[in-house]
Amino acid sequence: MQTSESVQPRKIVLLGSTGSIGTQAIDVVDGAPHLFEVVALSAGGGNPELLARQAVHTRARAIGTAAGDAKTLQALIDDAARTAGVAGYRPEIITGPDASTRIAEIEADVVLNGITGSIGLAPTLAALKSGATLALANKESLIVGGALVKAAAREGQIVPVDSEHSAIAQCLRSGTAAEVDRLILTASGGPFRGMTRDQLHDVSPQDALAHPTWDMGLMVTTNSASLVNKGLEVIEAHLLFDIPLEKIDVVVHPQSVVHSMVQFIDGSTIAQASPPDMRLPIALGLGWPDRVPQAAQACDWSKATTWTFEPLDTVAFPAVGLAKDAARGGSTFPAVFNAANEEAVMAFHAGRIRFTDILDTIEAVLSEHTGSSGLTVESVLDAERWARARAHELLAVRSV
């Protein structure tokens, strides 16, 4: 990526702009306006006031929202523009459930998919079809789409934004594919690190959201507490880097400074370390293969510090093993894993089930799934619908 002021900045589309990834992406763009220009935004619609302020701030040409209507959003944009002293700003507004997919089709250099959940699949496929580089924070779309997403992507078109996969991508620069022995994903352990399954039985939704390191949304934070998020990341690493599942390990690293590692065949292990800050992998996703100066703070090596690494407790936290089983099943099994989890997490936060019921429900739904003869968008959606319905039935029985 050229850094000369005379070079045109990369055109960026942000999907899920009002979420954690989207808001931090705007911070990255603000810090390097000579490198990046936001041309379009989309959001689910849960925070239309913030979307309106982001629209005015970035002067994006197109705005998408899955909820609400264009007239209401334009009125909010007009209010935000008056407050900011901006005159005459009227972007194209796209509304409806396919708004993010249509926004992803807009001509751009990079599409950052920061949507949470498998609803990000269609926008991911649209971004790949557009030819733009896909900076992928929406791991679920790759996991449930699997071969569909990989087939739609040209070599190097997908750049990972998850901190773990961004770390691996950086570490892989240290050797050839033939020299890679295994990948080691780090996990903070979440708020329940060190607890037994019996102790996990009575934890509350508030406990699950008290993550010691990262500030994320309800679903991702709960997935981090259950280690489901790490299971999803194992599947994602398998698909992104074409590494066999048996060569992908998880180690607990509470400090969350080493974001992941690659072990090579000669015994060397290369680790990527930086203070916990998603702006670094976001900046790499937007600027890949180049680094964005001052995207985030570096480690302070003048201060004494200690990093620890612990084995994963697979009895209390069986999510990684279940995720690997789903990945080995292929077809629509990963989609079923993800859908059953999403339903169980929402039931947990509604106070209907216990925390340990989340993984038990996933395991039960997976055990009943028979897969699909072919992977298509329709088969993925059908499998998800079945998984959600079956999870609802099982969750009703488990209700506390």
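FYI, it's all coordinate maths here, none of it is from the lab. All values reported here derive from a predicted model rather than from experimental measurement. Virtual Cβ from ideal backbone geometry, glycine too; neighbours counted across all protein chains shown.
Of note:
- In this rough spin-label picture, where each label sits 7 Å from Cα along the Cβ direction, the Arg291-Lys150 distance is 3.1 nm.
- Mean-square fluctuations from a GNM of the chain, with a 10 angstrom spring cutoff on Cα atoms, peak among Leu286, Leu232, Leu76 at Leu76.
- Taking 0.36 nm per residue of separation and subtracting the current Cα-Cα distance, fully stretching the chain between Ser373 and Trp301 would add 20.6 nm.
- Other residues within the sphere of radius under 15 Å centred on the Cβ of Gly194, judged by their own Cβ, net out at -2 (K and R +1, D and E -1).
- Set of aspartates and glutamates near Lys129 by C-alpha distance (under 16 Å), chain-local residues within fewer than 8 positions excluded: Asp98, Glu105, Glu107, Asp109, Glu155
- Amide H within-cut-off set for Ile353, under 5 Å, with H built and near neighbours excluded: Phe348, Val400
- Proximal charge balance of Thr58 [Cβ under 13 Å; K/R count +1, D/E count -1]: +1
- Size estimate for segment 10-160 follows the Kirkwood approach: the inverse of mean 1/r over distinct Cα pairs works out to 15.1 Å.
- Segment 10-160 - percent relative contact order, Cα under 8 Å, separation 6 or more: 23 percent
- Net +/- balance of residues flanking Gln263 in space, Cβ distance below 11 Å, scoring K and R +1, D and E -1: -2
- Length available on full extension from Ala273 to Arg59: 0.36 nm per residue minus the Cα-Cα distance, which gives 73.6 nm.
- Per-bin percent of Cα-Cα distances, the chain [20 Å]: 27, 59, 14, 0
- The Cα-based radius of gyration and maximum Cα-Cα distance (Dmax) for segment 9-54 are 10.2, 31 Å.
- Between segment 13-50 and segment 216-282, the Cα center-to-center distance that results, in Å: 24 Å
- Label-to-label distance, nm, for residues given as Phe309 and Asp382 (7 Å Cα→Cβ offset): 4.5 nm
- For segment 306-311, putting each phi into the Karplus relation 6.51 cos²θ - 1.76 cosθ + 1.60 with θ = phi - 60° gives couplings of 10, 10, 10, 9, 10, x Hz, in residue order, rounded to whole numbers and with x for Gly and Pro.
- If the Kirkwood radius is taken over C-alpha pairs of segment 147-259, then at 4 °C and 1.567 mPa s the Stokes-Einstein diffusion coefficient equals 84 µm²/s.
- Of the peptides 175-182, 268-275, the ranking by mean beta-carbon count within 10 Å, highest at the top, reads 268-275, 175-182.
- Karplus-derived 3J(HN,Hα), 6.51/-1.76/1.60, for each residue of segment 131-144, Hz, glycine and proline x: x, 6, 5, 9, 7, 9, 9, 8, 4, 4, 5, 6, 5, 7
- Theoretical gain in end-to-end length, Ala75 to Ile265 [0.36 nm per residue, Cα-Cα removed]: 62.5 nm
- For Gln199 and Met346, the FRET efficiency from 1/(1 + (r/R0)^6), where r spans their Cβ atoms and R0 equals 25 Å, is about 0.60.
- Mean-position separation - Cα centroids, segment 326-397 and segment 105-154, in angstrom: 22 Å
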